[in-house]
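Values quoted throughout were computed directly from the atomic coordinates according to the rules given, and no laboratory measurement underlies them. If you're wondering where the values come from, they're calculated on a predicted model, not measured in any experiment. Ideal geometry is used to build each Cβ from the backbone, glycine not excepted, and the neighbour counts take in all protein chains shown.
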Amino acid sequence: MNDFNIILFLCSWGPHPAYQTLQDRAADIPSEIKMVRIPCAGRISKALLFKPFEMGADGVALVGCPAGSCRYGAGTTNANANEEDTRGILHLLGLGSQRLRLANFMPEDADGLLSFLRDFASEIIRMGKTPVSPPAKDKALSDLAEAARKAIAQNNVYSCQDCGKCSSSCPLTLAGKPFSPRALAASIISGSLSEPTVQKDVWACLTCGLCSERCPSSVNFPQFIREIRSILKGTGSGSAEVHGGFLQSLMRTMASPGVQTRHWDWITHEVRTDPAAKTLFFGGCAPYFDIFFGRHLGVKTTRMITDSIKLLNFFDITPALLPDERCCGHDLLWSGDRENFLALARLNQEAFGSSGAEEIIVSCPECYRTLSVDYPAHGIDIPLKITLLHDLIEREVDKGAVAFTPHGGVVTFLDPCRMRYLPKGRELPRKLIARLKPSAFKEMKEGGASSDCCGNCAWIGCDAFSKALQVKRIAQAKASGADLLVTGCPKCQIHMKCAMEDPFLGPDLTMEVEDLTALIVRSIHWE
Amino acid sequence: MTQLIKETGRYEIILTGFGGQGIVLAGKILGQAAAIGDNRESTLVQSYGPEARGGACSAQVIISGKAIHYPPVRHPDILACMSQAGFDKYIEQLTAEGTLIIDQDLVQPHGFDREHFSIPSTRMAEELGRKMMANIIMLGFLIAVTNAVSPGSTRNAVSSSVPRGTAEKNIAAFNKGYDYGLAVLKGRQKKATGRAGAEK
Ligand code: SF4
Ligand code: SF4
Ligand code: SF4
């Protein structure tokens, strides 16, 4: 009996001839191994290395050429980096980093390759089956037109007056993209949803909601787009996932009930936690982001988590952490994967319920919105009080006896889209910043009420116009006279830092970016 | 952080300020909370005669587990000052271990070199939109830092003593002072253990 699946990515140049030798010899290659021939080990991105795990593979071997013998030069180095990062991700997910192995062989080393494959297969069998159950296949809807009609009706889209206010506030349109919310709405109403150009626009929208805020007919555009995306999902319409779909794969993997993450393993002893506490802290996906983007952007979004817990500790709150915390599902929901979003939401609901806690504190605005708005809207009620960390800080600081070492710099704020929609979502961060006593607070040209976003949502549809939008945003931040750009969401930070990597504009775009929690944690003290 | 209310603990308290600040009302609430809410004995002596209308005025409250035979306060354990004149007049009478509480914007504790408590009660009341509620904020603060009366009884006494329709606002003011008091105690405790900031 053999129900293990091990994927072998095998480079054509060095090791493939060795593999052929083994085949010619009818050598005893473990039958669990399914070989995929590839042009270069360095081209197997983290997304591709991870994909088999999402689909239920028990192990993945990446086999390339020894250093110095790569036909393309950098293959071995890239393969090393990708393997290391993906192993880090596998560890956080609780799948075990040993499930991925990298090796290099020259064409003549057939025996070496064989013993590597045998050794790896026996290690995987010893580790046991993967806890991941492959996600359900997207089901194509039988009646696309009827589903679209429903989405149109539910979100008030029929009442569009064609006034154009949405287009004149849409950050994508303003960045020069040939994109118009009302034209998109009109095409869907007129039944053109199956046209590729229409579908492309459906995946491009940032779901930032700026259009809806202006719309005199209360067309709920972001929610409409979300519906349409989940309708399109089953049709095979390219969902424009960025980074090879890695982030969606990651989240879908967490939707597997058997997965027991270990994504708190990195947490340091600088912070105090208590498994029996009545207050739970929900951290989100930052640890994965830091590994995935670490090499390129050098982001450190986990700092937002440690800083948040430090602030709770400062106020004598020692929170519990869910040992096998999962993603909240925000990005799956907004990229059209409702089924896996619901799977995640139910698993979270169960975990929250059995945690014994009474309150959940959330520092990421996306997680906050998802738990407090989108779960209940999908019939998933969380019986715990859900609190945004920023609210809690403001409430505690307002009690008094707490002071801040004056910040002294000139700062500006980038509103996260999922915070801006809250009733006090614009006011709250500004109030907190004022408490930090910067020498001045400058609003960006399109700040506050008309605030543009960071240029990406749910890891889909990032293109040249997103970049243009981000570049404009940073230019506005600099033009405001600020020397520090404060954000309130880990993703704003990632997308902004990404834009700063622009090889042509690079130095002109460099600006210090920091999360609000980092500023608070550094300066807060008891009077 | 706060000790339990001492069943037999005796507190002699002077609240002082100028006329119009609601000093006597605060004293009355304090005594009423102790007597009705906490089932203890209490007395109130108010002095505002010729000094009323902007002059110094005071409320002298005694709270005790036993019968009180002599209501005036000569050596308070707790002195809460909402005016400079009140401070100047009564500070000499405060016992050696007595607790001094001042409105930090109205009183300069000249010559007083022991640890004491201060709160911007008038400023806080202005921020809440009613300067008149500074007394209730002060009361909340006093109770948090001294624990002379239980906060629950005081909230009840506040609700039943203030003008009709203002109970909710006054409770909010009480809570404001009370929370500030707890925060100050917490801050002192943190500083004492060398953990004043969030980074260490
Ligand atoms: S939600 Fe944002 S990106 Fe999408 S159409 Fe509206 S304004 Fe444009
Ligand atoms: S703002 Fe609203 S009503 Fe106006 S064109 Fe856009 S969707 Fe239609
Ligand atoms: S801005 Fe950068 S990090 Fe963000 S989605 Fe686009 S490419 Fe990825």
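Run a plain Debye calculation on chain A (Cα atoms as equal point scatterers, no solvent) and give log10 I(q)/I(0) at q = 0.09, 0.10, 0.12 Å⁻¹, rounded to two decimals, same order as the q list.
-0.72, -0.88, -1.20
What is the distance in Å between the Cα centres of the stretch A:473-503 and the stretch A:1-48?
The stretch A:473-503 and the stretch A:1-48 have Cα centres spaced 43 Å from each other.
Tell me the mean residue ellipticity at 222 nm calculated for chain B from its helices only (DSSP H runs of n ≥ 4, each -39500 (n - 2.57), averaged over every residue, nearest 500).
-11500 deg cm²/dmol
Can you tally the net charge around A:Asp307? Count Lys and Arg as +1, Asp and Glu as -1, for every other residue whose Cβ sits under 13 Å from the Cβ of A:Asp307.
Local charge sum for A:Asp307: 0.
What FRET efficiency comes out for B:Thr95 versus A:Glu427 if R0 is 41 angstrom and r is the Cβ-Cβ distance? Round to the nearest 0.05.
Numbers: r = 47 Å, r/R0 = 1.14.
For R0 = 41 Å, the calculated efficiency reads 0.30.
Grab the Cα-Cα distance for A:Lys150 and A:Lys137, subtract it from 0.36 nm times how many residues apart they are, and report the gain in nm with one decimal.
Taking 0.36 nm per residue and subtracting the Cα distance, the gain is 2.4 nm.
Using helices alone, I'd like the mean residue ellipticity at 222 nm for chain A: each DSSP H run of four-plus residues gives -39500 (n - 2.57), total over residue count, nearest 500.
Counting only the DSSP helices, I get -12500 deg cm²/dmol.
Gap in Å between the Cα centre of the stretch A:233-308 and the Cα centre of the stretch B:128-200?
41
Can you give the average number of partner chain beta-carbon atoms within 10 Å of each beta-carbon in peptide B:186-193, as a whole number? List each step's numbers first, then the result.
Details: counts 7, 7, 3, 2, 5, 3, 0, 0.
The mean count of partner-chain Cβ atoms within 10 Å per residue comes to 3.
Work out the length of the dipole vector of chain A about its Cα centre, built from +1 on the beta-carbon of each Lys and Arg and -1 on the beta-carbon of each Asp and Glu, and round it to the nearest 20 debye.
920
Calculate the mean, over all residues of peptide A:307-315, of how many other protein chain Cβ atoms lie within 10 angstrom of the residue's Cβ.
Neighbouring Cβ atoms belonging to other protein chains average 2 per residue here.
Averaged over its residues, how many other protein chain Cβ atoms are within 10 Å of peptide A:32-42's Cβ atoms?
Across the residues of A:32-42, the mean count of other-chain Cβ atoms within 10 Å is 0.
At 7 Å along the Cα-to-beta-carbon direction for both B:Lys66 and A:Ser122, put a label point, then send me their distance in nm to one decimal.
About 8.7 nm separates the two model spin labels.
For the stretch A:313-382, max minus min Cα coordinate along each principal axis, in Å, sorted largest first?
Over the stretch A:313-382, Cα extents along the principal axes are 40, 23, 20 Å.
Which of the GluC sites (Glu not before Pro) found in the stretch A:3-83 are loop residues per DSSP with 12 or fewer other Cβ atoms within 10 Å of their Cβ?
Listed in order of number, the matching sites amount to none.
Which of rounded, prolate, oblate describes the stretch A:258-394, given a ≥ b ≥ c as roots of the alpha-carbon gyration tensor eigenvalues and a/c under 1.5 marking rounded, otherwise prolate only if a/b is larger than b/c?
oblate
With contacts defined as alpha carbon pairs under 8 Å and 6 or more residues apart, what's the relative contact order of the stretch A:399-526 in percent?
35
What ranking do A:265-274, A:226-235 get when scored by the average of other Cβ atoms within 10 Å per residue, highest first?
Top to bottom by mean Cβ count within 10 Å: A:226-235, A:265-274.
Hydropathy first: keep DSSP H helices in chain A averaging at least 0.5 on Kyte-Doolittle, then drop any whose Cα extent along the axis falls short of 20 Å, and list what survives.
The qualifying helices are A:110-127.
Once the cut-off is 22 Å, how many percent of the Cα-Cα pairs in the stretch A:29-151 end up in the long-distance tail?
Roughly 44 percent, once rounded to a whole number.
Hey, with R₀ at 22 Å, roughly what FRET efficiency would A:Gln98 and A:Ala74 work out to, going by the Cβ-Cβ distance, to 0.05?
Numbers: r = 26 Å, r/R0 = 1.18.
The computed FRET efficiency comes out at 0.25.
Can you pull the percent of Cα pairs in the stretch A:399-526 with separation above 19 Å?
47
Between A:Asp463 and B:Glu115, what is the FRET efficiency for a Förster distance of 56 Å, r being their Cβ-Cβ separation, to the nearest 0.05?
0.35
Taking the Cα atoms of the stretch B:128-170, what is the range of coordinates along each of the three principal axes, in descending order and whole Å?
Principal extents (largest minus smallest coordinate, Cα): 27, 19, 11 Å.
Assuming a strict under-17 Å limit between Cα atoms, what lysine pair count do you get for the stretch A:338-497 once near-sequence pairs (fewer than 8 apart, same chain) are dropped?
11
Can you bin the stretch B:3-199 into rounded, prolate or oblate? Criterion: square roots of the alpha carbon gyration tensor eigenvalues sorted a ≥ b ≥ c, rounded for a/c under 1.5, prolate for a/b above b/c, oblate for the rest.
rounded
Return the loop-located chymotrypsin sites (Phe, Trp or Tyr not before Pro) in the stretch B:93-200 (DSSP other than H, G, I, E, B) with at most 16 other Cβ atoms within 10 Å of their own Cβ; answer none if there are none.
Here the chymotrypsin sites (Phe, Trp or Tyr not before Pro) that fit, given the DSSP loop and packing criteria, are B:Phe112.
Can you give the net charge of the other residues whose Cβ lies under 14 Å from the Cβ of B:Gly31, counting K and R as +1 and D and E as -1?
Charge balance in the 14 Å sphere: 0.
Indicate the gyration tensor shape class of the stretch A:265-343 (rounded, prolate or oblate), computed on the Cα atoms with a ≥ b ≥ c the square roots of the eigenvalues: a/c under 1.5 is rounded; otherwise a/b larger than b/c is prolate and the rest oblate.
In terms of gyration-tensor shape, oblate.
Would you give the gap between the C-alpha center of the stretch A:132-197 and the C-alpha center of the stretch A:317-370, rounded to a whole Å?
Using only Cα atoms, the two centres lie 28 Å from each other.
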